[in-house]
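A short worksheet on the structure shown next.
Coordinate-derived values only; no laboratory data. Predicted model only: the values in this text are computed from it and were never measured. No Cβ is skipped: glycine too gets one built from the backbone with ideal geometry, and neighbour counts run over all protein chains shown.
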Amino acid sequence: MGKTLAEKIIGEHVGREVIAGEIAVTPVDVCLVQDGTGPLAINQLRKINLERAASPQSTVLFIDHASPSPRKELSNDHNTLRQFARKTGCHVSEVGDGVCHQVINECYVKPGDIVIGADSHTCTSGALGALGTGMGSTDVAIGIALGKTWLRVPESYRIVVHGHFQPGVYAKDLILHIIGMIGADGATYKSMEFCGETVENMGMTERLTLSNMAVEAGAKCGLIFADEKTRAFLIEHGRGDSYRELRVDEDATYERTFEIDASKILPTISFPHTVDNTRTIEDKDCRSVKIDQVYIGTCTNGRLEDLRIAAQILKGKRRHSDTRLIVVPASRRIYQQALEDGILAILNEAGAAILSPGCGPCVGIHQGILGDGEACLSTQNRNFKGRMGNPNAFIYLASPATAAATAIKGRLADPREVIG
Amino acid sequence: MTTMRGKAWKFGDNISTDHIAPGRLFHLRSNLPELAKHVLEDARPEFASSMAPRDFVVGGGNFGLGSSREHAPTIIKIAGVSAVLAKSFARIFFRNCINVGLPAIICDTDKIDEGDELEVDLSQGKVINHTKKIELSFPPLPPVMTRILQEGGLANYIQNYGDFKLE
């Protein structure tokens, strides 16, 4: 019987055929925690005297959420991670190295892997054909110590995307459109599997954006086949030998199939305070929404192509005088490339505050907390009340192009108006 | 532990982990008793100071969506809440509840109002609403989760069993 990508990957790990609905204990290939979840994970292992790592070479502790540390409590948490790494041989991704979901895919994950992370956006690894899924601190702690976890084999939704995007429309608009269509719990417990010519044509930058946001529809993972684009990404990151092709079986069983025409997607915005509260930029609600802060970055849209798109729009222009612009490259590698390509110079001249790689203001800890009543347009993945540090603020989500256009206009703006 | 009794505190749909344990209190994550004083603060600011031990958190649909932060169910438990009831749960939050030993119960919470006196029987899979004099049933957990919950959470479970036991 044909297998979905999720059934195929889990089946390979447990050494037998599995079908949706069953529960299996599976080895895990890559584990990650970050500075918000890792200290609790380590404390749990200490409590049960299990402070060890089954595969330290593929266990990574990321210091990215509160990085560089804004408070002594968090500095101490960072040291908890460093001490555990020294004791067990796990890797630490340090201040300035970047967001976990970018770095893990640049440096560690390969197609067919199972990746568990104490961060909900671990599903980002689906873009490489790896079953990445977010779990809590204790689940990942046990995964680190024992090298395995238990999983329910998910049912799968197939998202088939045909056609070409209009100019000014990107993968971010597509995934916001999908979440708006099926709802913030529309794929709860499911594997979302993206396919179709539009996805085939996407580079890894866009595929990572799609998979990253699968959890915003409640999904367990957001999987994409591994093909020549995946191979090119791995070669570019010095890991060409970890490539393997991974395709779904033609006769795989999907619980639901969604067909989407990419040419009909418009620039799309999530309004406060849920990701599925979407509007197209042509909606009347988008007129005259004043924006105080624009944030371009994160594991969703802080990659080189994202920064390049923003720079193309902002080149020779200035941010609106009433609108702050914050830019955070998702990794050190991206920062370096954006420096060498002149992208950061363009953004700097446009009035951006460019910060070191990490989560930036997305999580509401530092580097751009909103004031009472303020509105932010961000390229991040989540706009819950309080997300950016203030429950009395408002967060809108959109693509880097919409963000750049909005930074110029000082209000929600259509990127098609400013693309030359 | 299988039977619990207390009062219902109602919350709406899509209560996120940011409502429960907001990022602005990130620095309290290694001080959970302190963080628990702010539990659900951004949904109902009066909740933490007004609830009584053994009360129930009763949500709508998609309770606990968002971040993987296990601190969210942990501080609900530390605050003294007996169980969380909702029409549906976000996946990671549901798993985290069980992993920290906090019962998460899927039932028709439209039939529960603010302040209703509830009794939950985990072994029978039923919620008795004494105020409304009705009974609601809920589905059993998979065996692996039942055992984790019985052990008081995943850390204790692994300490006692040494490995995952599926049956």
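Please work out the FRET efficiency for the pair residue B:119 and residue A:340, using the Cβ-Cβ distance as r and a Förster radius of 60 Å; give the result to the nearest 0.05.
Working: r = 66 Å, r/R0 = 1.10.
According to the calculation, E is roughly 0.35.
What is the Cα radius of gyration of segment A:278-322 over 2.2 N^0.38 Å, N being its residue count? Provide the component values of the computation, followed by the final result.
Details: Rg = 12.9 Å, N = 45, 2.2 N^0.38 = 9.3 Å.
Cα-based Rg divided by the globular estimate yields 1.38.
Let's see if you can work this out: charge +1 on each Lys and Arg Cβ, -1 on each Asp and Glu Cβ, no other charges. What is the dipole magnitude of segment A:267-414 about its Cα centre, in debye to the nearest 20?
On the way: 18 positive and 14 negative charges, 18 e Å.
Dipole about the Cα centre, nearest 20: 80 debye.
Between residue B:132 and residue A:321, how high is the FRET efficiency from 1/(1 + (r/R0)^6) when r is the Cβ-Cβ distance and R₀ = 45 Å? Nearest 0.05.
Approximately 0.20, to the nearest 0.05.
Work out which trypsin sites (Lys or Arg not before Pro) in chain A are exposed loop sites (DSSP not H, G, I, E or B, at most 16 other Cβ within 10 Å) and give the longest gap free of them.
Values: sites that count: A:16, A:52, A:71, A:239, A:244, A:247, A:287, A:315, A:317, A:318.
Of all site-free stretches, the longest is A:72-238.
Past 30 Å, Cα to Cα: identify those pairs from A:172/A:409; A:229/A:284; A:284/A:317, in the order given. Display every interim value, and only then the final one.
Working: A:172/A:409 20 Å; A:229/A:284 38 Å; A:284/A:317 26 Å.
Result: A:229/A:284 exceed 30 Å.
Hey, rough spin-label estimate for residue B:34 and residue A:417, points 7 angstrom out along Cα→Cβ, what's it come to in nanometres?
According to this spin-label approximation, the distance is 4.6 nm.
Would you mind telling me which residue in B:149, B:136, B:25 has the biggest mean-square fluctuation in a Gaussian network model of chain B, where springs connect alpha carbons within a distance under 10 angstrom?
The residue with the greatest mean-square fluctuation here is B:25.
Take the Cα radius of gyration of segment B:3-161 and divide it by 2.2 N^0.38 Å, with N its residue count; two decimals is plenty.
Values: Rg = 14.6 Å, N = 159, 2.2 N^0.38 = 15.1 Å.
The value comes to 0.97.
Expected output is a single nm value to one decimal: the length gained when fully extending between residue A:82 and residue A:372, i.e. 0.36 nm times separation in residues minus the C-alpha distance. What is it? Write down the numbers at each step before the final one.
Values: separation 290, 0.36 × 290 = 104.40 nm, distance 3.60 nm.
Separation in residues times 0.36 nm, less the Cα-Cα distance, equals 100.8 nm.
Measure out, as a whole number of angstrom, how far apart the alpha-carbon centroids of segment A:384-420 and segment A:281-317 sit.
6 Å
Let's see if you can work this out: charge +1 on each Lys and Arg Cβ, -1 on each Asp and Glu Cβ, no other charges. What is the dipole magnitude of segment A:5-261 about its Cα centre, in debye to the nearest 20?
Values: 24 positive and 35 negative charges, 237 e Å.
Dipole of segment A:5-261, to the nearest 20 debye: 1140 debye.
If R₀ is 51 angstrom, what is the calculated FRET efficiency for the pair residue A:1 and residue A:283, using the beta carbon separation as r and rounding to 0.05? It would help to have the intermediate numbers written out before the result.
Details: r = 44 Å, r/R0 = 0.86.
Efficiency for this residue pair is about 0.70.
Per residue, how big is the convex hull around the C-alpha atoms of segment A:267-414? Give it to me in cubic angstrom, could you? It would help to have the intermediate numbers written out before the result.
Details: hull volume 12.8 nm³, N = 148.
Dividing the Cα hull volume of segment A:267-414 by its residues yields 86 Å³.
Kindly provide the GluC sites (Glu not before Pro) of segment B:80-120 that DSSP labels as loop, not H, G, I, E or B, and whose Cβ sees at most 11 other Cβ atoms within 10 Å.
Working: sites: B:114, B:117, B:119; in loops: B:114.
Those that pass, being in a loop and sparsely packed, are B:114.
Using Cα-Cα distances under 8 Å and only pairs 6 or more residues apart, what relative contact order does chain B have, in percent? Spell out each step's value before the answer.
Working: 343 pairs, mean separation 38.5, N = 167.
Rounded, it is 23 percent for chain B.
Starting from segment B:104-150, pick out the trypsin sites (Lys or Arg not before Pro) whose DSSP state is loop and whose Cβ has at most 10 other Cβ atoms within 10 Å. Can you show the working numbers first?
Working: sites: B:111, B:126, B:132, B:133, B:147; in loops: B:132, B:133.
Counting only loop positions with at most 10 other Cβ atoms within 10 Å, the trypsin sites (Lys or Arg not before Pro) in segment B:104-150 are B:133.
Which distance in nm do the two modelled labels at residue A:232 and residue B:165 give, with both placed 7 Å along the Cα-to-Cβ direction?
5.2 nm
Any aspartates and glutamates with Cα under 14 Å of the residue A:72 Cα? List them, leaving off those in the same chain fewer than 8 positions away.
Those aspartates and glutamates meeting the cut-off are A:35.
Identify, among A:42, A:196, A:131, the residue whose Cα sits farthest towards the positive end of the charge dipole of segment A:5-261, taking +1 on the Cβ of Lys and Arg and -1 on the Cβ of Asp and Glu, with the dipole about the Cα centre.
Of the candidates, A:42 comes out farthest on the positive side.
Mean 1/r over all different Cα pairs, inverted: what Kirkwood radius does segment A:216-271 give, in Å?
Details: mean 1/r = 0.0673 Å⁻¹.
Here the Kirkwood hydrodynamic radius works out to 14.9 Å.
Per residue of A:317-324, what is the mean number of Cβ atoms on other protein chains within 10 angstrom of that residue's Cβ?
Values: counts 0, 0, 0, 0, 0, 0, 0, 0.
Mean shielding by partner chains, rounded to a whole number: 0.
On a straight-distance basis, which lysines could pair with residue B:111 in a cross-link, Cα separation under 23 angstrom, same-chain partners fewer than 8 positions away excluded?
Result set, ordered by chain and number: B:7, B:10, B:87, B:126, B:132, B:133.
Obtain the nm distance between the two label points defined at residue A:166 and residue A:250 by a simple spin-label model: each point lies 7 Å from its Cα along the Cα-to-C-beta direction.
Here the answer is 3.6 nm between the modelled labels.
Taking the beta-carbon count within 10 Å as an exposure proxy, list A:417, A:250 from fewest neighbours to most.
Working: A:417 11, A:250 6.
So the ranking, lowest neighbour count to highest, is A:250, A:417.
Roughly how many whole Å is it from the C-alpha centroid of segment B:1-74 to that of segment A:186-236?
A separation of 32 Å, based on Cα centres.
Net charge near residue A:175: determine it from the other residues with C-beta under 12 Å of the C-beta of residue A:175, scoring Lys and Arg +1 and Asp and Glu -1. Can you show the working numbers first?
Working: positive: A:172, A:207; negative: A:173, A:206, A:216, A:276.
Its environment carries a net charge of -2.
Using only helices, what value at 222 nm comes out for the protein assembly as shown when you add -39,500 (n - 2.57) per DSSP H run of length 4 or more and divide by the total residues, to the nearest 500 deg cm²/dmol? Can you show the working numbers first?
On the way: 21 runs with 177 residues, N = 587.
Value at 222 nm, helices only: -8500 deg cm²/dmol.
If one puts a single equal scatterer on every Cα of the protein assembly as shown and applies the Debye formula without solvent, what log₁₀ I(q)/I(0) results at q = 0.12 Å⁻¹?
Here the Debye-derived log intensity ratios amount to -1.18.
Using the Cα centre of segment A:207-347 as origin and beta-carbon charges of +1 (Lys, Arg) and -1 (Asp, Glu), tell me which of A:271, A:225, A:243 is placed farthest towards the positive end of the dipole.
About the Cα centre, the residue reaching furthest to the positive side is A:271.
Could you give the size of the charge dipole of segment A:10-81 about its Cα centre, using +1 on the Cβ of each K and R and -1 on the Cβ of each D and E, expressed in debye and rounded to the nearest 20?
Numbers: 6 positive and 9 negative charges, 74 e Å.
That gives a dipole near 360 debye.
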